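> Would you mind keeping the following structure in view while I ask a few things?
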Amino acid sequence: MKYDKVFRNPDKVRQLSMAINRVCKHSWHIMEICGGQTHALAKYKIEELLPDKIRMIHGPGCPVCVTPVGIIDMALSLARRENVILVSFGDMMRVPGSKDDLLTVRAEGGDIRMVYSPLDALTIAQNNPNKEVVFFAIGFETTAPIHALTIEESYRRKITNFSLLTSLFLVPPAIYSLMRDKDCQLDGILAAGHVCSITGIEEYKNLALSLKVPVAITGFEPFDLLYGIYKCVLLLENKQYIVENAYSRAVTFEGNVKARQLMRKYFSLTNVEWRGLGTLPLSGLCIRDKYEQYDAIKRFQLKTSHVKKERFCVSGEIMKGKMLPDTCIHFGKRCTPEHPLGAAMVSSEGVCSAFYRYKV
Ligand code: SF4
């Protein structure tokens, strides 16, 4: 309620919108890289408050959407095994693999359970000592620490029938890749506040300098989003390639040091495939060799399959700002939240689901 009054206050929002219109002299493409922000922009109709000169690009900020088909197929193959209980966040259930989704496999008898926290998967493992329990661990820097904590807790409780199928992504390498893509026209970045509350600001400072792109760290309420856009436009107009922390109530310069220590203890950097964007160098995390008993890929000797081009879905083009969801020929026709062709229509953070929910 307190936050509603402050950060959704119509007068404050209107004042910020007017301030953006006042300072914006040139055309700018600004990307948010957070599915939560994409949904908030659509839900509160923030883009309608911006001058025509500003175009928002809805970047690859939804972990469900960027998890590649090959990893989904691995989850499906695990879920089909007699001795495996696959545990997942609910968002993953309807994400299409190359043929099926988890919901279909569950209907066929696969033991797939939905949880809100990875730690719940440990309880399932303890209650089912004769089964192998695999948690489908997806996410960005925000969720990686809790996945690391799950490994630590599994070790502490001496649980031996538990492992993780990981699909963990890091945001800054994706920004580097997008900024270097000549088809992707990007002037400024809104960095996700919850990611920066873990990472801190240092990494984004270096990124802003080396790529010559202003970064505004931004929250999720209408006021936060407009304040971040305002700061980003000011930096763009003044050609300042620095980081502005427009979400200082949650983000500090050093971030969450303990969470990063935990991540470093259990995970190392690796090249990962992003659905729609391809394989980006050192853009993800994998479980360190020392803890390989917790790595489902090694434990079950799973093979990675690469699906070169998705037949229907153009979400990669949307994440690069080359298209909008409603210009996909399947949007709202063959592809709906009830019958999704792509992950971006399934996830509660997906850009296509945001457009379908709030803009149709
Ligand atoms: S509307 Fe569906 S098929 Fe088109 S890009 Fe979005 S998720 Fe993919």
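> Looking for something within 16 Å of the ligand (Cβ to nearest atom) and open to solvent by 30 Å² or more (accessible area, probe 1.4 Å) - is there at least one such residue anywhere in the stretch 266-276?
Within the stretch 266-276, one or more residues are within 16 Å of the ligand (Cβ to nearest atom) and open to solvent by 30 Å² or more (accessible area, probe 1.4 Å).
> Here is a further query. Enumerate the strands (runs of 3 or more DSSP E) found wholly within the stretch 144-242, keeping only those where 3 or more residues are under 22 Å from Met319 (Cα atoms) and touching a Lys or Arg at 6+ places or on another chain (Cβ under 9 Å).
In the stretch 144-242, the matching strands (runs of 3 or more DSSP E) lie at 215-218.
> Could you tell me whether Ser315 is crowded, with 17+ Cβ neighbours inside 10 Å, polar (S, T, N, Q) and either over 18 Å from His39 (Cβ atoms) or within 14 Å of the ligand (Cβ to nearest atom) (or both)?
So Ser315 fits the description; yes.
> Hey, can you tell me all the residues within the stretch 104-142 that are assigned to a loop (DSSP other than H, G, I, E, B) and either within 16 Å of Arg157 (Cβ to Cβ) or open to solvent by 40 Å² or more (accessible area, probe 1.4 Å) (or both)?
If the condition is that a residue be assigned to a loop (DSSP other than H, G, I, E, B) and either within 16 Å of Arg157 (Cβ to Cβ) or open to solvent by 40 Å² or more (accessible area, probe 1.4 Å) (or both), then Glu108, Gly109, Asp111, Tyr116, Ser117, Asn128, Pro129, Asn130, Lys131, Thr142 are the ones that fit.
> Follow-up. I'm trying to understand the selection: among the residues of the stretch 145-190, which are among the aliphatic types (A, V, I, L, M) and open to solvent by 30 Å² or more (accessible area, probe 1.4 Å)?
Result: Ile146, Leu149, Met179.
> A follow-up question, please. Considering only residues that are assigned to a helix (DSSP H, G or I) and surrounded by fewer than 17 Cβ atoms within 10 Å (Cβ to Cβ), which ones fall in the stretch 84-103?
Across the stretch 84-103, the qualifying residues are Gly90, Leu103.
> From the residues in the stretch 331-360 that are within 13 Å of the chain's Cα centre (by Cα) and in a loop (DSSP other than H, G, I, E, B), which one is surrounded by the most Cβ atoms within 10 Å (Cβ to Cβ)?
Among them, the one singled out is Gly350.
> Which of the helices (runs of 4 or more DSSP H) contained wholly in the stretch 33-83 include at least 2 residues that are farther than 15 Å from Ala343 by Cα?
Filter on the stretch 33-83 gives 35-43, 69-79.
> So, of the residues in the stretch 318-336 that are under 22 Å from Lys182 (Cα atoms) and of a type in the set (Val, Ile, Thr), which turns out to be nearest to the ligand (Cβ to nearest atom)?
Ile318
> In addition: If Tyr241 satisfies every condition in (1) surrounded by fewer than 17 Cβ atoms within 10 Å (Cβ to Cβ); (2) modelled with pLDDT of 95 or more but one, which is the exception?
(1)
> Based on this model, can you work out whether Lys298 counts as closer than 30 Å to Leu86 by Cα, open to solvent by 80 Å² or more (accessible area, probe 1.4 Å) and in contact (Cβ under 8 Å) with a residue 24 or more places away in the chain?
In short, no.
> Of all residues in the stretch 314-349, which are free of Cβ contacts under 8 Å to residues at least 60 places away in the same chain and on the phi > 0 side of the Ramachandran plot?
Scanning the stretch 314-349 gives a single hit, Gly332.
The values are calculated or read from the model by the stated rules, or taken from the named source; none is laboratory data. Quantities reported herein were computed from a predicted structural model and do not represent experimental measurements. Cβ atoms come from the backbone with ideal geometry, glycine included; neighbour counts cover every protein chain shown. Areas reflect the complete protein model, heavy atoms only, side chains present, ligands, DNA and RNA absent. Shrake-Rupley method; radii C 1.70, N 1.55, O 1.52, S 1.80 Å.
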